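The values are calculated or read from the model by the stated rules, or taken from the named source; none is laboratory data. Note that the structure is predicted; figures quoted are calculated from it, not measured. We place every Cβ from the backbone using ideal geometry, glycine too, and count neighbours over all the protein chains shown.
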Amino acid sequence: MREITHFIDGAAVAGISGRFGDIFNPNTGEVQARVALATASELDAAVAAAVRAQVDWAATNPQRRARVMFEFKRLIEANMDDLAQMLSAEHGKVIADSKGDIQRGLEVIEFACGIPHVLKGEYTEGAGPGIDVYSMRQPLGVAAGITPFNFPAMIPMWMFGIAIAVGNSFILKPSEKDPTVPVRLAELMMEAGAPAGVLNVVHGDKVAVDAILDHPDIRAVSFVGSSDIAQYIYARGTAAGKRVQAMGGAKNHGVVLPDADLDQVVKDLSGAAFGSAGERCMALPVVVPVGRATADELRERMVAEIATLQVGISTDPAAHYGPVVSAAHRQKISDYIQMGVSEGAELVVDGRGFSLQGYEKGFFIGPTLFDHVTPTMQTYQEEIFGPVLQIVRAATFEEALALPSAHQYGNGVAIFTRDGRAAREFAARVNVGMVGINVPIPVPVAYHSFGGWKRSAFGDTNQHGLEGVKFYTKVKTITARWPEGAHEDSAFVIPTMQ
Ligand code: NAD
């Protein structure tokens, strides 16, 4: 059976723990490979390589580092089809969606190509007599990233793209469910000219994660995954003196005002709720129509739209979405659907019985629609992370605004309306980190930054853009004096710029 190895110091390294994770083919349900799960000592070896590489890499001028990023971008583009195939084969998302996953990561690499401009620093001439002050951003040393299964290309690139461009070396601990693409990215980074040890991939589970959190030579940890784990990572990493950003789960709402273009809304909701089988932290699994007439009309059109959706294997170009990532995850989604029924929500379309001919053992689940979901229901409060759309009816704008604002998660939210004033007020007042106005999946472009609020993110800095640069650098400020003429007297009071 194919074995997915670590990638340390520029080379494939077989695991020595004797522990492995199964890699499934979600289309067929079969085990297609196994991945080595690291011990703390294997992580130590990767950190040692990263420490060795970092000093020279940080001393490499920013333009040369940017050239590596340019070449990495070219190589990803040249390998796009292969990467997308690999990604779909382990994750289950359709090929076009895998290309989107890679492309969104690539856009962060494009931002990183401009890193010399971003790292120019600040300068004040003549802050006092003969005194100039300047500040610069220096890399932290070794940084680490721990990533989820649902974006195995984009999220690693959010992290290492910026971390490496600013002069750090990096340890990536990707999801053990779909680890092949992250390793391929590291190989391409070496091919692009990054020295060995600058980007290392260590596979693993909690053992490897805890070793990262406790390792004294790792200065910063970026995490993306579910909220309970994010909170744990944040607490343990910061207790060990590290800088930590930890993005968590989500339950994004789409508010539909009565004046919205419902034809467009239905198309947008369908893609955002069911695309990638709902396994996106910026999916839109809750729709909040305002007013009964809007709700009734939307429900009717949504049912008709769902009837047109095609669920298929990840390589089927006609499929709108493919299987979910594992049998366990499919079971969890089915359990949530049953819970919704028990809680008293109305199950309008039930996707649980879905089976694909010839792929009966694949991890498929059909699109599911609930109506009359209420805020006290557990299925509303928790993240389902599957192709399940819940209608929560609101009587007024204020009621609709209050729902995402009060929810434990605050990743993304969208409002659909033709009323600019209402949209503006909604965006200003909603207690959520990323807002879409007639945009169902408001993932910010790479030169802005990504981050939710409340239990969707622990820590103070967002991913990528200038926030990413801040996260992976520390500021040093230099005050320089070149006095002329006679010596000045000793000063026993704090110097001021009077
Ligand atoms: P997950 O939390 O199960 O795993 C994420 C990472 O944590 C993996 O690398 C995994 O190996 C590691 N991990 C798992 N259990 C651990 C433990 N007990 N101790 C230490 N490490 C552990 O998440 P997932 O299922 O891979 O991904 C889906 C989740 O990620 C969803 O909740 C989704 O909303 C969230 N997500 C959030 C964002 C965001 O930016 N907010 C983006 C993508 C995904």
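Could you run through the range 139-190 and say how many residues are over 15 Å from residue 245 (Cβ atoms) and among the polar types (S, T, N, Q)?
Adding up the residues that qualify gives 4.
Suppose we filter the range 376-408 for residues that are in contact (Cβ under 8 Å) with a residue 40 or more places away in the chain and among the polar types (S, T, N, Q); how many remain?
Of the residues in that region, 5 qualify.
Under 6 Å by Cβ, and 6 or more places apart or on different chains, what pairs join a residue from the range 206-235 that is closer than 17 Å to residue 170 by Cα with one that is among the small types (Gly, Ala, Ser) and in a helix (DSSP H, G or I)?
These pairs meet every condition: 211/40; 213/237; 221/237; 223/230.
Test residue 263 against the stated conditions and say whether it is surrounded by fewer than 17 Cβ atoms within 10 Å (Cβ to Cβ) and of a type in the set (Asp, Glu).
yes
Being within 15 Å of the ligand (Cβ to nearest atom) and surrounded by fewer than 24 Cβ atoms within 10 Å (Cβ to Cβ): is that true of residue 253 here?
no
Given the conditions (1) assigned by TED's automatic domain parsing to the domain that holds residue 363; (2) within 12 Å of the ligand (Cβ to nearest atom), report the number of the one that residue 212 does not fulfil.
(1)
Search the range 449-460 for residues that are closer than 20 Å to residue 472 by Cα and pair each with any residue that is surrounded by fewer than 20 Cβ atoms within 10 Å (Cβ to Cβ) and not aromatic (Phe, Trp, Tyr) when their beta-carbon atoms are under 6 Å apart and the residues are at least 6 apart or on different chains.
Pairs found: 449/467; 450/444; 458/231.
Which residues, taken from the range 216-229, are more than 7 Å from the ligand (Cβ to nearest atom), outside any strand (DSSP E or B) and touching a strand residue (DSSP E or B) at 6+ places or on another chain (Cβ under 9 Å)?
Listed by number, the list holds a single entry, 217.
Residue under question is residue 236, and the condition is that it be in a strand (DSSP E or B) and either surrounded by fewer than 21 Cβ atoms within 10 Å (Cβ to Cβ) or near the ligand (Cβ under 9 Å from one of its atoms) (or both); does it hold?
no
It is to be established whether one or more residues within the range 285-307 are of a type outside the set (S, T, N, Q), within 16 Å of the ligand (Cβ to nearest atom) and either surrounded by fewer than 23 Cβ atoms within 10 Å (Cβ to Cβ) or assigned to a strand (DSSP E or B) (or both).
yes
Please specify each residue of the range 437-472 satisfying the condition of being over 22 Å from residue 409 (Cα atoms), more than 15 Å from the ligand (Cβ to nearest atom) and touching a helix residue (DSSP H, G or I) at 6+ places or on another chain (Cβ under 9 Å).
447, 466, 469, 472
Output the qualifying pairs, or none if there are none: Cβ atoms under 8 angstrom, residues six or more apart or on different chains, first residue in the range 29-45 and in a helix (DSSP H, G or I), second residue surrounded by fewer than 19 Cβ atoms within 10 Å (Cβ to Cβ) and hydroxyl-bearing (Ser, Thr, Tyr).
Short answer, once both residue conditions are applied: 42/17.
How about the range 50-93: which of its residues are surrounded by 14 or more Cβ atoms within 10 Å (Cβ to Cβ), charged (D, E, K, R) and either under 22 Å from the mean Cα position of the chain (by Cα) or modelled with pLDDT under 95 (or both)?
73, 90, 93
Between 175, 135, 169, which is polar (S, T, N, Q) and either surrounded by fewer than 24 Cβ atoms within 10 Å (Cβ to Cβ) or more than 22 Å from the chain's Cα centre (by Cα) (or both)?
135
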